[in-house]
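Report on one structure; see the data block that follows.
The values are calculated or read from the model by the stated rules, or taken from the named source; none is laboratory data. Values in this document were obtained by computation on a predicted structure and should not be read as measured data. In this analysis, Cβ positions are derived from the backbone assuming ideal geometry, glycine residues included, and neighbour counts consider all displayed protein chains.
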Amino acid sequence: MATTTRSAIRTRVAENLGDLISVTTSGSGSTTTFVATTLKNFAPGTDCDGYSNFDALITKSTHDAYGEIRRVKLDCGYAASTTTVTVESAYSAAINACTCVELYRRPVDVYNQAITQAIRESQWDGTLYKALRDETIVIDNRLKRNQYRYAWLQFCQGC
């Protein structure tokens, strides 16, 4: 059976929902800002504060801030004129040019919780199921003792 990581599943789910924008930074930033000129090519990129309240995840594995998630500031979090994004709290390292960043419309934790819940509800063969309990023969059974046995035999012979 093939395996995959939570981050790969999260990325696919967010892409399918239209909630993910993946960019590579084009200029040097700081620990609280990064510049990505390709952001202006997406729908929110022309509006000032278009990316406000998005989650910004560093996905470049060689970067010191790899895997860190920060929330884009709600007020003045994106400057369309300079394509600069400002986050609420600082990353552990400055965001340089050529750093891969994923911007999620919803909090990343929401996707992770949904994936975890789906895994818990899945069978080991990888298919999702909803447990059903058929009690139609037990509840409101109007068959007499011998009729029940006869009905069961008829049912089994039809299998």
Gly29, sole failed condition from (1) closer than 18 Å to Thr99 by Cβ; (2) surrounded by fewer than 17 Cβ atoms within 10 Å (Cβ to Cβ); (3) not aromatic (Phe, Trp, Tyr)
(2)
Kindly provide the set of residues from the range 43-59 that are within 9 Å of Arg105 (Cα to Cα) and touching a helix residue (DSSP H, G or I) at 6+ places or on another chain (Cβ under 7 Å), ordered by number.
Tyr51, Asp55
Selection count, the range 1-25, where residues are surrounded by 16 or more Cβ atoms within 10 Å (Cβ to Cβ) and either assigned to a loop (DSSP other than H, G, I, E, B) or aromatic (Phe, Trp, Tyr) (or both):
2
Can you find even one residue in the range 83-90 that is over 20 Å from Ser7 (Cβ atoms) and in contact with a helix residue (DSSP H, G or I) (Cβ under 6 Å, 6 or more places away or on another chain)?
yes
Pairs with Cβ under 9 Å, 6+ apart, first in the range 5-18 and at pLDDT below 90, second surrounded by fewer than 10 Cβ atoms within 10 Å (Cβ to Cβ) and not aromatic (Phe, Trp, Tyr)
none
All but one of (1) touching a residue at least 60 places away in the same chain (Cβ under 8 Å); (2) within 20 Å of Tyr91 (Cβ to Cβ) hold for Leu57; state the number of the condition that does not hold.
(1)
